[in-house]
Amino acid sequence: MDQTKAQVKLKRGEHRALPMQYLLLMRPRQWTKNLLVFAALIFSIQQADLNMLIRAMTGFVLFCLVSSCVYILNDYVDRERDRMHPEKKLRPLASGAIQPQMALVFGFVLLLCCVLVAFRFQPLFGFVLSAYFFLNVLYSLKLKHVVILDLLIIASGFVLRAVGGGLVIGVSLTPWFLICTMLLALFLAIGKRRHELALLEGGKGAHRKVLESYSMEMLNQMSAIATTSTIMSYALFTFTSGRTIHLMWTLIFVLYGMFRYLYLIHMEDKGGRPEKLLLEDKHILLTVVLYGFSVGCILLFFNK
């Protein structure tokens with residue numbers, strides 16, 4: 001009798017924990033990457049209103065949910081490999097907390113609902129969101145193993161976020177801003193690959209096939225190129241965006257943020273999870289907040 005009661009309590013506990021497992025399956029910590037959707041709103045703050053804020057929030061939520069669908073598919077495909085990883089083995093699919101078939105059904109229904117809402121909300125945004133999903137699926141299944149192209153695909157995903165953010169509020173982003181977005185994303189992706197390669201050479205990390213095609217010297221050179229290109233592109237953006245020239249003062253935040261990230265990569269062996277650093281490193285978090293605040297104030301009070 002006692003054993004039966006214990007089993008019932010265990011099942012109840014598992015049942016209560018199941019919603020949390022589905023939330024973990026969606027990887028909410030990764031949603032910070034989708035904050036880029038608000039970039040168009042920030043740079044259009046002069047004409048921003050409550051309706052634009054609501055539309056931007058809707059776009060952000062849709063990008064978060066669709067990105068979660070990609071993570072679900074990725075975890076489904078890699079569940080056997082994840083079971084051998086010291087950290088990834090705790091993920092819901094790898095640990096067996098959620099049945100693989102149920103996870104696929106959940107992801108499919110979630111994706112279908114998001115795409116339908118997106119097309120009804122703004123047709124072009126629906127196409128961008130669909131392109132984002134399929135690009136990431138191709139990346140998860142094949143392209144993440146193709147040297148250099150894997151980095152460009154990651155960067156393209158951030159550009160689609162920025163474009164989507166502009167579409168939902170009805171504004172266009174300048175080519176220079178999109179170039180800056182792609183180069184910054186490329187800079188972060190290179191830093192992540194460098195961190196993974198350093199772990200692999202130290203015998204501490206799981207093996208990623210594409211790392212066989214990279215070397216530390218190559219990644220350092222690519223990082224230097226991406227850093228220089230991003231800073232120069234952003235400087236040109238502040239002068240050619242058609243807005244106030246006072247945007248050039250925000251360059252100091254871009255410089256500090258990028259140099260801080262390089263410090264964390266080279267001196268503290270961090271950088272494997274940029275979205276984690278954003279929340280955990282107070283210097284980068286404060287820099288991002290001050291940057292957004294400064295851009296908003298400059299465009300509000302000093303714009304032409």
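The values are calculated or read from the model by the stated rules, or taken from the named source; none is laboratory data. No experiment lies behind these values; they were computed from the predicted model shown. No Cβ is skipped: glycine too gets one built from the backbone with ideal geometry, and neighbour counts run over all protein chains shown. The accessibility values were calculated without ligands, DNA or RNA, using every heavy atom of the protein model including side chains. Shrake-Rupley method; radii C 1.70, N 1.55, O 1.52, S 1.80 Å.
A Förster distance of 35 Å, applied to the separation of the beta-carbon atoms of residue 172 and residue 259, puts the FRET efficiency at 0.65. Ranked by the mean number of other Cβ atoms within 10 Å of their residues, highest first, the peptides 63-69, 239-245 fall in the order 63-69, 239-245.
Expressed in Å, the radius of gyration and Dmax of the Cα atoms of region 143-219 are 15.2, 49. With the helix formula -39500 (n - 2.57) applied to DSSP H stretches of n ≥ 4, the chain reaches a computed 222 nm mean residue ellipticity of -24500 deg cm²/dmol. Short to long, the 10 Å bins of the Cα pair-distance histogram for region 134-187 hold 25, 46, 25, 4 percent of all pairs. In summary, the helical segments of the chain meeting the span-like criteria, namely a full DSSP H run, a Cα extent along the axis of 30 angstrom or more and a mean Kyte-Doolittle hydropathy of at least 0.0, are 50-77, 100-121, 149-169, 175-201, 216-240. Straightening the chain between residue 220 and residue 134 buys 27.9 nm, computed as 0.36 nm per residue apart minus the Cα-Cα spacing. In plain terms, if you count all Cα to Cα distances in region 181-258 and split them into 5 Å steps from zero, the share in each step is 3, 15, 21, 18, 13, 10, 8, 6, 4, 2, 0 percent.
What the Cβ-Cβ distance of residue 239 and residue 147 gives, at R0 = 30 Å and to the nearest 0.05, is a FRET efficiency of 0.30. Kindly identify region 114-253 as rounded, prolate or oblate by the Cα gyration tensor criterion: order the square roots of the eigenvalues as a ≥ b ≥ c, call it rounded if a/c is under 1.5, otherwise compare a/b with b/c, prolate if a/b is larger, else oblate. The shape class here is oblate.
Once the convex hull of all Cα atoms in region 222-297 is built, its volume per residue stands at 90 Å³.
When the inverse distances between all different Cα atoms of region 105-195 are averaged and flipped, the Kirkwood radius reads 14.2 angstrom. Among 89, 192, the sequence by solvent-accessible area, most first, with a 1.4 Å probe is 89, 192. Calculated accessible area for the chain comes out at 55 Å² per residue, all protein chains present (probe 1.4 Å; ligands, DNA, RNA ignored).
When 194, 81 are compared by accessible area at a 1.4 angstrom probe, the order from most to least is 81, 194. Expressed as a whole percent, the accessible surface of the chain that belongs to carbon and sulfur atoms is 68, based on a 1.4 Å probe. If each Cα of region 10-129 is one equal point scatterer, what is log10 of I(q)/I(0) from the Debye formula at q = 0.10 Å⁻¹? The calculated log intensity ratios at q = 0.10 Å⁻¹ are -0.39.
In this label model, residue 113 and residue 280 are separated by 3.2 nm, measuring between points 7 Å along each Cα→Cβ vector. Past 28 Å, Cα to Cα, is the threshold; run 209/282; 144/282; 33/209 against it and keep the listed order. Result: 209/282; 144/282 exceed 28 Å. Using a Debye calculation, one point per C-alpha and no hydration shell, please list log10 I(q)/I(0) for the chain at q = 0.11, 0.15 Å⁻¹ in order. The Cα Debye sum returns log10 ratios of -0.74, -1.30. Taking 73, 129 and ordering them by how much accessible surface each has at a 1.4 Å probe, largest first, produces 73, 129.
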